[in-house]
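Heads up: the structure comes next, in structure tokens.
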Amino acid sequence: MFEKNTSERVRSEQTATGAARSERAAVSIRHLSKSFDGVEVLRDVDLEVREGDVVTILGSSGSGKSTLLRCINWLEQPDRGSIHIGGQRIGVNDAGRPMPVRELARVRARTGMVFQSFNLWPHLNVLHNVTEAPIHVLGKSKAEAEAHARELLEKVGMSAKADAYPGTLSGGQKQRVAIARALAMQPEVMLFDEPTSALDPELVGEVLAVIKDLSAEGYTMIVVTHEMAFSRAVSDKVVFLDKGLIIEQADPETFFTNPSTERVRKFLEREES
Ligand code: ADP
Ligand code: MG
């Protein structure tokens, strides 16, 4: 279902319409390390994500993928290294001190996160799940927040369910609402942590299709996934984590057809079988 060379197509479309892809860094990670209980789960990670790029992160369970995403929005604090989002360092101010809470909140708001387990508010209908934070955090008027929410629900194919409660939705529908909810905060970078891993197989495609549409619209996204065909189709860059180390970073064509490490070759063989 996923065409190859999507990124090339998008890039040429963007060039054709004059909106050429930026070379600016959306996320810049340098020498990032993180330990839990004396065990290093991220080791000297360097990663650069340009504006408009889709980077997928692959790796076995326990390799540090979630920890990497959670460091980017400071849900985990790294032990060493720096992370810049849109040119601004997160978590540490210019004087090298921990950021004041309000400033940290502003930098964190540059990212939007979608989790494996949706985390919708069960007592709010779909529309109100999407408008809650824009109204209470961004200070948008109800009318403005609802108009934007309806646009986003249209984008993820959930307009018809605006009045429904999460409990009545399928997993795929819940995840699409969760994506709309994250987009409603107008983040510069979307982070997805295995967005389809909790879904029944027949519901995976509808969520991946939404993420793929967002990539065609030029959203900057970092996606942790086990969906190889999807990764190959949407990525500008594929990153492979192994025991907290990035052992391979390549364009999808190179990564999937000619990986440079034995470890990745084995991983891909296993995924194919
Ligand atoms: P992945 O997402 O690739 O499966 P994680 O980033 O969740 O990997 O975990 C990497 C390693 O860090 C695992 O060994 C995990 O058990 C450990 N870990 C993750 N979060 C914590 C935590 N909050 N406390 C202790 N250990 C953790
Ligand atoms: Mg994980």
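What follows draws every value from the coordinates through simple rules; no lab data is involved. All figures in this text were calculated on a predicted structure; none of them were measured in a lab. When we count neighbours, we look across all protein chains shown, and the Cβ atoms used for this are built from the backbone with ideal geometry, even at glycine.
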Legend entry - Candidate lysines for bridging to LYS140, where Cα separation is under 25 Å - those fewer than 8 sequence places away on the same chain excluded: LYS155, LYS161, LYS174
Inset, instruction - With θ set to phi - 60°, apply the Karplus curve 6.51 cos²θ - 1.76 cosθ + 1.60 along the stretch 63-78 and write out the HN-Hα couplings as whole Hz, x wherever there is a Gly or Pro. - result: 7, x, 4, 5, 4, 4, 4, 5, 6, 4, 9, 6, 6, 10, 9, x
Legend entry - Spread of Cα-to-Cα distances over 10 Å intervals beginning at zero, given as percent, for the stretch 59-156: 13, 35, 31, 19, 2
Inset, instruction - Read phi for every residue in the stretch 164-175 and hand back ³J(HN,Hα) as whole Hz from Karplus 6.51 cos²θ - 1.76 cosθ + 1.60, θ = phi - 60°, with x for Gly and Pro. - result: 6, 9, x, x, 9, 9, 6, x, x, 5, 4, 5
Legend entry - Label point at HIS31 placed 7 Å out along Cα→Cβ; residues across the stretch 81-95 whose backbone nitrogen lies under 11 Å: 81-82
Legend entry - Stokes-Einstein D for the chain, Kirkwood Rh over Cα pairs, 4 °C, 1.567 mPa s (µm²/s): 67 µm²/s
Inset, instruction - Report, ordered by chain and residue number, the aspartates and glutamates lying within cross-link reach of LYS266, taken as a straight Cα distance under 20 Å and ignoring same-chain residues fewer than 8 apart. - result: GLU227, ASP242, GLU248, ASP251, GLU253
